[in-house]
Amino acid sequence: MSLQRLLTGAALALTLMLGYWLARHSLPPPLKMEPLTHGTDYAAEGVTLTQWRSNGHRRYRLQAVHLTHTLPDRLTRLTDPVLVVYPERGPPVTLRSPSAILLPGDTIVQMPERVLITRQNTQGQTIHVISSNVTVDTRQQTATSPAPTRIEGPGYVTQGIGLSANFKQQFIDLLKDVHSVYTRPTTSH
């Protein structure tokens, strides 16, 4: 009986060695995947990124028709983004642009093209701010731009160079060469 076990063990060992040899010589070597170092890392359609505060309230919501993340710069490029910033007090502020770049860390959004910012004033009326080259810090809830900027509100239009906005403190300032045109509100009887 021990001879039979010895022969069975030898046959099993020979089969395993033959299988190992065939696998090494007849199968191609396994592919080694190198990490991507440049180009598009990933892309997505119809994305929404929402960041929440520790108290469970939204800090901001960023939506885009298309998103592409590239390497080695680790930038996220967005098409037709809509960024809604939710201050702790006061109405939300909406920023729209044809394109934007979300920098690594997901707190800085650069909007290089025409940007339309809308918010409600304390009377519930809509204020429109039109600028370009806007940088938004979603954590600090601020926006800045060195570009010409126009503010349109009920009964006035203000233009200037440069933008400084703090959505938490609910102010939007133009930095220089500021000119305003005021119109009398119309009343209908």
message = Among the numbered criteria (1) in contact (Cβ under 8 Å) with a residue 24 or more places away in the chain; (2) in contact with an Asp or Glu (Cβ under 6 Å, 6 or more places away or on another chain), which one does GLY160 miss?
response = (1)
remark   = Here the residues within region 170-189 that are in contact (Cβ under 8 Å) with a residue 12 or more places away in the chain and either closer than 24 Å to ARG89 by Cβ or touching a Leu at 6+ places or on another chain (Cβ under 8 Å) (or both) are GLN170, ILE172, LEU174, LEU175
Yes/no for THR76 being without any contact (Cβ under 8 Å) to a residue 40 or more places away in the chain, out of contact with any Lys or Arg (no Cβ under 8 Å at 6 or more places or on another chain) and not charged (D, E, K, R) = yes
ask   = Name the residues in region 90-129 that are of a type in the set (D, E, K, R) and free of Cβ contacts under 8 Å to residues at least 24 places away in the same chain, would you?
value = ARG96, GLU113, ARG114
ask   = Can you pull out the residues in region 158-171 that are open to solvent by 40 Å² or more (accessible area, probe 1.4 Å), at pLDDT below 95 and of a type in the set (A, V, I, L, M, F, W, C)?
value = PHE171
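The values are calculated or read from the model by the stated rules, or taken from the named source; none is laboratory data. Keep in mind that what you see is a predicted model, and the values were worked out from it rather than measured. When we count neighbours, we look across all protein chains shown, and the Cβ atoms used for this are built from the backbone with ideal geometry, even at glycine. Areas reflect the complete protein model, heavy atoms only, side chains present, ligands, DNA and RNA absent. Shrake-Rupley method; radii C 1.70, N 1.55, O 1.52, S 1.80 Å.
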